[in-house]
Amino acid sequence: MGNFESLITARRSTRKFNDQLLSAEEVKKIIQAALLAPTSKNCKSYEFVVVEDKIMLQQLSVCKNSGSAFLAECTLAVVVLGNQQTTDIWVEDAAIAATYMQLQAEDLNIGSCWCHIRNRLLGDASSEQLIRDLLEIPDHFGVLCIIGFGYKNQERDPNDLSKLIWEKVHIGRFPPAVYVAPYNGGEGVAATSSNKL
Ligand SMILES: Cc1cc2nc3c(=O)[nH]c(=O)nc-3n(C[C@H](O)[C@H](O)[C@H](O)COP(=O)(O)O)c2cc1C
């Protein structure tokens, strides 16, 4: 992968994987990316549980009501934790580390997908607690997500830059209209009566 723009354009969630195991070097690079992620006050509140055991992957794949089944097919899962005693913004630290891992994986042409755990349920039970019990994680660690990895067994179209929702971007202040076309190569959006930009 040549440059960062190509990387983030190409990255799509992969939920279908083949059986080929990642090499030790690839796993190392993915974990290294997580450890390179910035954290609030450099507190490094994150921790990670690396899972390759197929039986455990199967158990993780049924840890919430929906959206976790793909974990049964992946060859590597990294459970992303945050120490709630270290900082009140462990979620942000953990999310950045998770994203770094996904981008590093894409750079290696390895597929990945985020399985969200925090605030999710299996039946009426907390998925977070279920994962803590399964992996013997102390209670003061929050479980943000599990990132599943593997060699891709599906083709996905890259992101389409022409479909980006530039209207999400507000220039200078939020209301009432957006004026983003110049950043998107266009001629500019006609100001509305209430657009005082
Ligand atoms: C915070 C977050 C939570 C997500 N949770 C899940 C999930 O539980 N299960 C799942 O299959 N995908 C999950 N995803 C993947 C999204 O569905 C996916 O990123 C989104 O549809 C955009 O598709 P793309 O990644 O192919 O661009 C999650 C993504 C994020 C960023």
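Coordinate-derived values only; no laboratory data. Note that this is a predicted model, so its numbers are computed, not measured. With ideal geometry, Cβ positions are generated from the backbone for all residues, glycine too; neighbour counts draw on all protein chains shown.
Couple of notes before you dig in:
- Selection from the stretch 163-175 of residues that are in a helix (DSSP H, G or I) and more than 15 Å from the ligand (Cβ to nearest atom): TRP166, GLU167
- Taking the stretch 40-76 as the range and being part of a loop (DSSP other than H, G, I, E, B) and in contact with a helix residue (DSSP H, G or I) (Cβ under 6 Å, 6 or more places away or on another chain) as the test, the residues that pass are SER45, SER61, CYS63, LYS64.
- Test set (1) within 15 Å of the ligand (Cβ to nearest atom); (2) over 23 Å from GLY67 (Cα atoms) - ASP107 fails condition number: (1)
- Scanning the stretch 16-37 turns up at least one residue that is within 15 Å of the ligand (Cβ to nearest atom), touching a residue at least 12 places away in the same chain (Cβ under 8 Å) and over 16 Å from LEU103 (Cβ atoms).
- Residue within the stretch 120-133 that is touching a Ser or Thr at 6+ places or on another chain (Cβ under 6 Å) and away from the ligand (no atom under 16 Å from the Cβ) present: no
- Residues of the stretch 64-99 satisfying the condition of being among the acidic types (Asp, Glu) and buried (at least 23 other Cβ atoms within 10 Å of the Cβ): ASP93
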